[in-house]
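Shown next, in C-alpha cells, is the structure this report addresses.
The values are calculated or read from the model by the stated rules, or taken from the named source; none is laboratory data. Computed from a predicted structure; not experimentally measured. Virtual Cβ from ideal backbone geometry, glycine too; neighbours counted across all protein chains shown. SASA here: full protein model, heavy atoms, side chains in, ligands and nucleic acids out. Shrake-Rupley method; radii C 1.70, N 1.55, O 1.52, S 1.80 Å.
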Amino acid sequence: MSAQQQDSHQPALPDPKEVAKTFAEVAQRASKLITEHMQRQMKHGIAAQTDELGIAQAFMDMTARLLANPYKLAQAQMNLVWDYFSLWQHSMMRFTGLETRPVAEPKKGDGRFKDEQWEEHFLFDFIKQSYLITARHIHDVVTNVEGLPIETEKKVNFFTRQYIDALSPSNFALTNPEVFRETVKSHGQNLLKGFNNLLRDIEEGDGQLRVKMTDPTAFELGHNVAVTPGKVVFQNDLIQLLQFSPTTQEQYRRPLLIMPPWINKYYILDLRQSNSFIKWATDQGHTVFVISWVNPDKRLAEKGFDDYMTEGSLAALDAVCKQTGESEVNLIGYCLGGTLLGSTLGYNAVKKDKRIVSATFFVALLDFSIPGELGVFIDEQQVASLEKKMQERGYLEGSEMGTTFNMLRSNDLIWSFVVNNYLMGKDPFPFDLLFWNSDSTRMPYKMHSFYLRNMYMKNLLKEPGGIEMLGVPNDIGKGKVTA
C-alpha cells in the first residue's frame with residue numbers, strides 16, 4: 001500500500017482558520033463570563049454558603065451511624081475487595097481469550113453503556129464493571145445504615161445516587177469509548193466545540209448552567225407544535241380560556257374543560273397532531289376548552305391558591321357555560337390542575353354547584369402522603385429558604401423547578417445531554433417534548449408557599465375541613481360527580 005493510500009485513510013486535519021475562529025470565540029466568551037462572575041462576587045460579597053438542602057447534616061448523621069458499627073463497615077469493605085478480585089479474575093480470563101460471565105452488568109435500559117465497545121473492548125469493559133461494582137457498594141453501604149430518620153435516609157439515598165451518576169465513566173472523555181473515538185477522529189475539535197456550547201449555555205442562563213436539551217429554533221408555537229385550531233374566548237389576570245374548533249359534523253352536548261398544571265404550559269396536550277390529546281378529543285366530537293395559565297411575574301406575587309380557584313377553575317367554568325349555553329360540564333385535571341379540580345369539587349359541594357358532572361384526573365395528587373422523591377426537597381428548612389427567595393423576587397423561577405425535576409432522572413435528563421453537547425460537541429436533537437419541558441413557567445410566591453406547606457408538608461387537602469378556601473372549609477370527599 002502506498003503512502004498516498006495510507007494517508008487517505010487518516011482523518012482529515014481540521015481547517016486552521018476554523019480552529020482559530022473557534023479558539024477566539026471560546027477565549028472571548030470565557031473572559032466575559034469570568035469578568036461577570038467576579039463583578040457579581042464583588043457586588044454581593046462572598047457570603048458563607050449555607051446548606052439549604054440539609055445535605056451536609058444528613059451525611060454527617062449517616063457517617064456517625066455508620067462508624068458506630070465498625071464490624072458492618074469492615075464486612076462491606078471485604079465484600080468490595082472480593083468483587084474487585086472477581087473482576088480481576090474475569091478480566092485476566094478475557095485477556096487470554098476465555099469466555100466468562102461478567103461480575104457486574106448495567107441494568108436493562110441503561111443508555112450510558114450502549115456503545116458496543118463497553119462490552120467488546122477489554123479495557124472499557126473493565127472500567128465499566130469497576131464503576132458498577134463501586135457504585136453498587138457505595139449505594140448499599142450508605143443507604144442501609146440503621147437508625148436514621150426517614151427524611152435523612154431519603155436525602156442520603158437520593159444525593160448518593162446523584163453523586164454516583166455524576167462519576168459514571170460515560171461522563172468523561174477518556175473513559176467513554178464513543179467520545180474517545182470522536183476526539184481522535186476530529187483531532188479534539190469535539191471538545192473545543194463542546195466547551196463553546198458550555199459557555200453558550202452559561203451565558204444564556206445568566207451565569208447559571210442550563211443544559212440545553214433540544215434545539216429551540218426547531219419549534220414555533222402555532223407552526224409545528226400547539227397547532228390545533230382554536231381561539232381565546234375569555235381571559236383575566238391568571239388565564240386565557242381557549243376553545244378549539246370542532247372537527248366533526250356533530251358534537252356532544254356537554255362541553256369538555258381541561259385544566260392543565262400551571263407549573264408548565266398547556267401544550268403538553270397539543271404537541272404534534274399525531275400525539276395531540278386535544279386534537280384527538282375534538283375528533284371524538286367533544287367541544288374542547290383548555291385553560292392556558294399566565295406565566296406570573298412580580299405583579300402577581302400575592303396571588304394565592306384561592307385566586308387560582310376564583311380566577312382559574314371557577315371563572316373558566318362560568319365562561320364555558322356562558323359560551324355554550326350548557327349547565328353541565330366534563331372536566332379533566334392534569335397534575336397540579338387535578339389538585340385544583342379536586343379542591344373545586346369540594347368547594348362546589350358546599351355551594352351546591354352541580355355543573356361538574358364528570359371529573360377525570362391525569363397524574364394528579366390529592367393525598368400527598370407519598371410524594372415520591374420530590375419529598376427530598378420539601379422540609380421546613382428547604383421551604384423556609386425557598387420562601388425567602390420567592391419573597392424577594394415575588395415568584396419561583398421556572399428553571400429552578402425544572403432542575404429539580406430533571407434530577408429525578410439525571411442520567412436521561414442531565415448527563416446524556418452533557419455528553420452530547422459538551423463532550424461530543426454536538427447540538428441537541430430537536431424533540432418537541434423536551435422543547436415543551438424547557439419552556440418553563442414561574443410560580444407566584446403566595447400560591448406556591450401555601451401549596452408546599454398545606455398540601456405537601458401537612459397533607460391537609462385530604463382532611464375534611466383541613467384547608468379553607470374562599471372562606472369555606474374544603475372537603476374533597478364531598479365532591480361528587482353524576483356521570
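In a shell of Cβ-Cβ distance under 15 Å around Gly111, excluding Gly111 itself, what net charge do Lys and Arg (+1) and Asp and Glu (-1) give? Walk me through the intermediate numbers first.
Details: positive: Lys107, Lys108, Arg112, Lys114, Lys128, Arg409; negative: Glu105, Asp110, Asp115, Glu116, Glu119, Asp165, Glu178, Asp412.
Value of the local net charge: -2.
Which semi-axes, in whole Å and largest first, does the equivalent ellipsoid of the range 76-137 have when worked out from the alpha carbon gyration tensor as the square roots of 5 times its eigenvalues? Walk me through the numbers before you get to the answer.
Details: eigenvalues 66, 55, 13 Å².
Equivalent ellipsoid semi-axes, largest first: 18, 17, 8 Å.
Given a 1.4 angstrom probe, what's the average accessible area per residue across the range 352-483, in square angstrom? Each step should come with its number before you reach the end.
Numbers: 6530 Å² over 132 residues.
Ligands and nucleic acids excluded, the figure is 49 Å² per residue.
Please calculate how many Å² of accessible area the range 159-265 carries per residue, with a 1.4 Å probe and no DNA, RNA or ligand atoms counted.
It amounts to 51 Å² per residue over the range 159-265.
With everything on Cα atoms, drop me the angle between helix 122-143 and the longest principal axis of the chain, reported from 0 to 90° to the nearest 10.
50 degrees
Pairs Lys322/Lys351; Lys231/Lys388; Lys154/Lys462: which are spaced more than 31 Å apart, C-alpha to C-alpha? Working shown, then result.
Values: Lys322/Lys351 19 Å; Lys231/Lys388 39 Å; Lys154/Lys462 24 Å.
Violating the 31 Å Cα-Cα cut-off are Lys231/Lys388.
Ordered by residue, what ³J(HN,Hα) values in Hz, to whole numbers, does the range 368-380 give under the Karplus form 6.51 cos²θ - 1.76 cosθ + 1.60, where θ = phi - 60° and Gly and Pro are x?
3J(HN,Hα) across the range 368-380, in whole Hz: 9, 5, 10, x, x, 6, 4, x, 4, 9, 10, 9, 4.
Output ³J(HN,Hα) for the range 416-428: one whole-Hz value per residue in order, computed from phi by the Karplus curve 6.51 cos²θ - 1.76 cosθ + 1.60 with θ = phi - 60°, and x for Gly and Pro.
5, 7, 4, 5, 5, 7, 9, 9, 7, x, 9, 7, x
Taking volume of the Cα convex hull per residue in Å³ as the quantity of interest, determine which of (i) 216; (ii) 154; (iii) 143 was computed from the displayed structure.
Label (i) holds the value from this structure.
Provide the net charge surrounding Val350, with neighbours chosen by a C-beta distance below 13 Å and charges set as Lys +1, Arg +1, Asp -1, Glu -1.
So the surrounding residues net to +2.
Considering only DSSP beta bridges with both partners in the chain, what is the antiparallel share in %, to the nearest 5? Mind dumping the intermediate values first?
Working: 15 of 29 bridges.
Here the share of antiparallel DSSP bridges comes out near 50 percent.
Could you compute the net charge surrounding Asp307? Neighbours are other residues with a C-beta less than 10 Å from the C-beta of Asp307; K and R count +1, D and E count -1. The partial results should precede the final answer.
Working: positive: Lys303, Lys446; negative: Asp237, Glu302, Asp306, Glu311.
Net of charged neighbours comes to -2.
In µm²/s, what is D for the range 182-330 at 10 °C and 1.306 mPa s, where D = kT/(6 pi eta Rh) by Stokes-Einstein and Rh is the Kirkwood radius from Cα pairs? Don't skip to the answer; put the middle values down first.
Numbers: Rh = 18.2 Å.
Value of D from the Cα-based Kirkwood radius: 87 µm²/s.
Note down the accessible area of Thr217, probe 1.4 Å, to the nearest 10 Å².
Here the accessible area works out near 120 Å².
Rounded to a whole number, what % of the accessible area of the chain do carbon and sulfur atoms account for, probe 1.4 Å?
Details: 14730 of 26590 Å².
That share works out to 55 percent.
Taking H as built 1.01 Å from N, whose amide H comes closer than 5 Å to the amide H of His286, not counting residues under 5 places away?
Tyr252
Under a 5 Å amide H to amide H cut-off, with H placed in plane at 1.01 Å, what residues pair with Tyr395 once short-range neighbours are removed?
Tyr445
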